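K.L.:
Once you've had a glance at the structure underneath, I'll fire off some questions.
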Amino acid sequence: MGTWPAEAADHAAPALTGGEPAVPVPSFQELCERYLPFVWKCARAFGSTTDEIDDVVQDVFLVVQRRHAELRDGALARTWIYSITRRVVSTHRRRRRRRHDSLTPQDIDALGSPGQSPLAAAEQQVQVRTLAALLEGLDERKREVFVLAEILEMSGREISETIGVPMNTVYSRLRVAREEFELAVQRHRKSSERRNVP
């Protein structure tokens, strides 16, 4: 996958240590095959654009390759890879913000349906931007749980195992996130209605 980037150390997740592993640790190749779709979906759900997604995924697995020996329990592989993915995505987003980038034409094409008209594509672009803005209104912990549940369609148990928090905490954050998101949607609708009044 290429040489190890110097900045990749910034994305390193804490070493997972302990006694004898409950589940054998998969090889690096097995981790790539098993978690590539998961990493790709997480990266897209948390804001990676079409033109950067390949770099994000590659950076994630470069970190996985470098720190593979620190994974001591195969049962923790998903949580470990997820934490690395979130760090890599955050780094790429910060770089993009410094460049003042937004959605690219490729992103709009990727979000559209085959044969979609330019008007429909433009409307969908507005919806995507609106969703992103509404999600930014949630604090990071609530936004994380909301995206995993509502966009990646993960169960409470899967979210708990992935981010390493108790299920009660997951459900509590999700409940509040849904309430805050719904309020944000209502405010947005009222604001849009006022703008459209002649």
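Since every read-out is calculated from the coordinates, none of them should be taken as a lab result. Remember, predicted model here, so these are calculated numbers, not experimental data.
K.L.:
Give me a comma-separated list of calculated 3J(HN,Hα) values for region 179-191, in order, Karplus coefficients 6.51, -1.76, 1.60 applied at θ = phi - 60°, integers in Hz, x for any Gly or Pro.
P.N.:
With the stated coefficients, region 179-191 comes to 5, 5, 5, 5, 4, 5, 5, 4, 5, 5, 5, 5, 5 Hz.
K.L.:
Separate question: Binned at 10 Å from 0, what are the whole-percent values of the Cα-Cα distance distribution for region 141-191, short to long?
P.N.:
28, 49, 17, 6
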